[in-house]
Amino acid sequence: MRNFIKSINIKHILIILFLLFIFIFLSALSYVQAVSNDIADNVFRLHVIANSDTSEDQALKYKVRDGLLKYVNKITQNCTSKQEMIELIQLHQIELQQIAESIIKDNGYQYPIKIKIGNFSFPTKNYGDISLPAGNYDALRVEIGEASGQNWWCVMFPPLCFVDVTSGIVPNESKEIMKDNMSDESYSIISDDNTEINFKFSIIELFQKLKIANM
C-alpha cells in the first residue's frame, strides 16, 4: 500500500513538472515572438551579395554598396519610420537598379543585378554597441551576378550603415530613433549589456536559430 501511494505521488510530481516545463516553454516562446516581432517590425536592412569571393568581386560589392547608400541617404534623410523608408525605396527602386548597373559597367563588368524588397533570414549582427538577434527581417536585397560571394549587411532604418564598429558606439541620434520606435523591453535587449539582458538575448537567439533551422 505504501509503495502504491509513493508511485501515485511520483506520478503526480512528474505530471506537475511536465506541466511546469510546458508553461515555461510556452511563456518563453511567447516572449521571444513578441520581442522579435517588435524589433523586426522597426528595422529595415540592406543586404548586398557579391558575385563571388574573389578580391575583385568583393571590391565591386563595396563600390555598389557605397553608391546605393549615398543615394538612399539622400532620399531618406528625413524618414522617421521604417514604413516611410520602405515606401521611398519602392518609389525609387528603378533608380537604385540603374545606379548599381552603372557602377558595375563603369568598373568593367557585365554582371546582372537583382534588387528586391522582401523578408529574409539574417544571422546575429553587432553594430557598435547595438546587437540585433538572428531572425527574419525586411530588407533591400542586392544580388550581384551569381550572388555566390560573401554577404554585407547593415541597417538602413534606423540609420546604422555607417557606424564605426571599431569605436563600439552608435550615434545617439540613431539610438533615439530606435527608442522612439520600439518598446522599452525590445530596446534594452539590443542595447544593454548585463547578465539578465544577455540571458534574454541568448533565449531569443536559441528560439530564432531553431526556427530558422526548421524553415
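The values are calculated or read from the model by the stated rules, or taken from the named source; none is laboratory data. Since this is a predicted model, take the numbers as computed values, not measurements. We place every Cβ from the backbone using ideal geometry, glycine too, and count neighbours over all the protein chains shown.
Tabulated values for the structure
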item	result
Qualifying residue in the range 27-49 (condition: hydroxyl-bearing (Ser, Thr, Tyr), modelled with pLDDT under 90 and surrounded by fewer than 15 Cβ atoms within 10 Å (Cβ to Cβ))	yes
Candidate set: the range 142-194, residues that are of a type in the set (Asp, Glu) and at pLDDT 80 or above; chosen: the one surrounded by the fewest Cβ atoms within 10 Å (Cβ to Cβ)	184
Candidate set: the range 110-141, residues that are over 14 Å from residue 44 (Cα atoms), in a strand (DSSP E or B) and at pLDDT 85 or above; chosen: the one farthest from the chain's Cα centre (by Cα)	113
Test: residue in the range 85-105 that is surrounded by 20 or more Cβ atoms within 10 Å (Cβ to Cβ) and of a type in the set (S, T, N, Q)	no
Residues of the range 61-80 satisfying the condition of being in contact with a helix residue (DSSP H, G or I) (Cβ under 7 Å, 6 or more places away or on another chain), surrounded by fewer than 19 Cβ atoms within 10 Å (Cβ to Cβ) and either under 22 Å from residue 41 (Cβ atoms) or not small (Gly, Ala, Ser) (or both)	63, 71, 75
Scan of the range 102-144 for residues that are in contact with a Pro (Cβ under 7 Å, 6 or more places away or on another chain) and either among the hydroxyl-bearing types (Ser, Thr, Tyr) or more than 15 Å from residue 190 (Cα to Cα) (or both), ordered by number	124
Count of residues meeting criterion [of a type outside the set (A, V, I, L, M) and free of Cβ contacts under 8 Å to residues at least 60 places away in the same chain] in the range 53-95	17
Given (1) at pLDDT 75 or above; (2) hydrophobic (A, V, I, L, M, F, W, C); (3) farther than 27 Å from residue 78 by Cα, number of the condition residue 206 does not satisfy	(1)
